[in-house]
Amino acid sequence: MDETLLMIPGPTRVAPRVLKAMSENIVNHRSAIFGEILTETNQMMSDVFQTENKSYLITGSGTAAMEAALANTISKGDRVLNIVGGKFGQRFMQITETHGGIPVELEVEWGHAVNPDDVRYILEEEEDIKAVTIVHNETSTGVANPIEEVGRVLRDFDALYVVDTVSSLGGDDVFVDGYGIDICVTGSQKCLAAPPGMAAITLNDDAWDVVDKTENHTYYLNMKKYKKSGDAVPPETPYTPAVSLMYAMQEALRVIMEEGLEERVLRHKLAAKATRNGVKALGLELFAQKEAASNTVTSIRMPEGVTDKELRGTMRERYRIELAGGQDHLKGNVFRIGHMGNITHREIISTIAALEMTMQGLGLDVETGEGVAAVADTYLEGSI
């Protein structure tokens, strides 16, 4: 078994008790037993979303929930404001196009967060915007967008507010009801620290009104079917779910409930601060703007004269630590450290220590222990 430490922005390390849950015998997914599992898991999912709305689990990656959000609410010719500042903002725009919507792109420089005033300006200038999509945590750039502030802007308009929290839910502040989010989506394999393959979505009454009036062209992701099956006694999913993955989601969410959502978010914030301090102590430059820095992934500019293969390859092959590379035009120009899920000071210290040794081995001027000391100081101080 590969013992490589995954320090990437998902999938993340899964707790032994969550893996063990997957080994339980398969039950009939149309039974009362599974209905109880589904009920508890969906309720905990809503608790993590911090919403009074029902949540629905979809067998599929986070992209399935992203597509469900738009496939059920837009028709051909509908205009959608897509906020695009990275790879996954682009994905929302591509999904819009796939379902016949007309994207109105708000382009944001990669490494920067969206300015809520720009969102207001476009909504005031453009007519008939049916929905606004935003990625809370853009893992391709290490940027967290201000979803609370954008939500305040959306209160003055009729457009649906659709938010991707695939890589932030459980690791950053997400208050679906408090932020006025109409549709929120997430995935299993990031901050929730469950295996890949499950997605979740929650919709409020305004969103359901739009769903009921929209003739969609999706079969598997038809949210009317999910609602009908979810309201049954016992509750079900419309199609055969990944039962073992549902066991894992249930156990992973129990872990979150036991830790406490607020405490879990604070742990992620401290891990992010420690990672950034460790990286800066090594003389490396962060890619994301300071005020926009993510709580769950840090993007770092590649040191001058060093290739991606040299840096990440050494980390992986010699020190058994997997970092993520850049995407699109950032490929070879940045590398990324994920600090989400079950990450503690142990993994952060190991990663920064290995990064120190990698840089020294590549001939870079790095003082031994500087990065690790910065991480240790951050944790000893303990403040965000």
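Scanning region 36-53 for residues that are over 15 Å from Leu253 (Cβ atoms) and surrounded by 17 or more Cβ atoms within 10 Å (Cβ to Cβ) gives a single hit, Asn53. When Ser299, Ser244 are checked against the criterion of being touching a residue at least 12 places away in the same chain (Cβ under 8 Å), part of a strand (DSSP E or B), farther than 22 Å from Asp377 by Cβ and not aromatic (Phe, Trp, Tyr), Ser299 stands alone in meeting it.
If the requirement is being under 23 Å from Asp156 (Cβ atoms) and β-branched (Val, Ile, Thr), which of these qualifies: Val233, Val166, Val174, Val185? Exactly one of Val233, Val166, Val174, Val185 is under 23 Å from Asp156 (Cβ atoms) and β-branched (Val, Ile, Thr), namely Val174. Looking across region 131-150, the residues that are crowded, with 22+ Cβ neighbours inside 10 Å and either outside any strand (DSSP E or B) or not β-branched (Val, Ile, Thr) (or both) come down to Ala131, His136, Asn137, Glu138, Thr139, Ser140, Thr141, Gly142, Ala144, Asn145, Ile147, Val150. The residue list Gly371, Gly283 contains one member that is at pLDDT 95 or above and crowded, with 17+ Cβ neighbours inside 10 Å, which is Gly371. Within region 290-342, track down each residue that is more than 19 Å from the chain's Cα centre (by Cα) and under 30 Å from Met249 (Cβ atoms). Residues satisfying the conditions are Arg316, Arg320, Ile321. Remark: pairs (first residue in region 175-195, at positive phi; second residue of a type in the set (Lys, Arg) and surrounded by fewer than 24 Cβ atoms within 10 Å (Cβ to Cβ); Cβ separation under 6 Å; 6+ apart in sequence or on different chains) = Gly180/Arg155. All conditions but one from (1) in a helix (DSSP H, G or I); (2) in contact (Cβ under 8 Å) with a residue 60 or more places away in the chain; (3) closer than 30 Å to Leu261 by Cα; (4) touching a helix residue (DSSP H, G or I) at 6+ places or on another chain (Cβ under 8 Å) apply to Met340; the one that does not is (1). Among residues that are among the β-branched types (Val, Ile, Thr), surrounded by 14 or more Cβ atoms within 10 Å (Cβ to Cβ) and under 17 Å from Ala71 (Cβ atoms), Val210 is included.
Across region 215-224, the qualifying residues are those that are of a type outside the set (A, V, I, L, M, F, W, C) and crowded, with 17+ Cβ neighbours inside 10 Å, and the one among them that is farthest from Lys54 (Cα to Cα) is Asn216. Remark: pairs (first residue in region 21-43, under 16 Å from Pro238 (Cα atoms) and assigned by TED's automatic domain parsing to the domain that holds Pro234; second residue crowded, with 16+ Cβ neighbours inside 10 Å and acidic (Asp, Glu); Cβ separation under 9 Å; 6+ apart in sequence or on different chains) = His29/Glu236; Arg30/Glu236; Phe34/Glu236; Gly35/Glu236; Leu38/Glu236.
Listed conditions (1) free of Cβ contacts under 8 Å to residues at least 40 places away in the same chain; (2) within 27 Å of the chain's Cα centre (by Cα) are all met by Gln360, apart from (2). Answer yes or no as to whether Tyr239 is surrounded by fewer than 17 Cβ atoms within 10 Å (Cβ to Cβ), in contact (Cβ under 8 Å) with a residue 60 or more places away in the chain, assigned by TED's automatic domain parsing to the domain that holds Arg91 and over 23 Å from Glu370 (Cβ atoms). So Tyr239 fits the description; yes.
The single condition among (1) of a type in the set (Gly, Ala, Ser); (2) under 13 Å from the mean Cα position of the chain (by Cα); (3) part of a loop (DSSP other than H, G, I, E, B) that Gly180 does not meet is (2).
Close contacts from region 366-382, counting a first residue that is in contact (Cβ under 8 Å) with a residue 40 or more places away in the chain and a second that is surrounded by fewer than 19 Cβ atoms within 10 Å (Cβ to Cβ) and not in a loop (DSSP other than H, G, I, E, B), with Cβ to Cβ under 7 Å and a gap of 6+ residues or different chains, come to Val366/Gln360; Val372/Ile349; Val372/Ala353; Val375/Ile349; Tyr379/His345. Quick check on Val176: is it in contact with a Cys (Cβ under 9 Å, 6 or more places away or on another chain) and either at pLDDT below 95 or more than 30 Å from Ile300 (Cβ to Cβ) (or both)? So Val176 fits the description; yes.
The values are calculated or read from the model by the stated rules, or taken from the named source; none is laboratory data. Everything numeric in this text was worked out from a predicted model, so none of it was measured. Cβ atoms come from the backbone with ideal geometry, glycine included; neighbour counts cover every protein chain shown.
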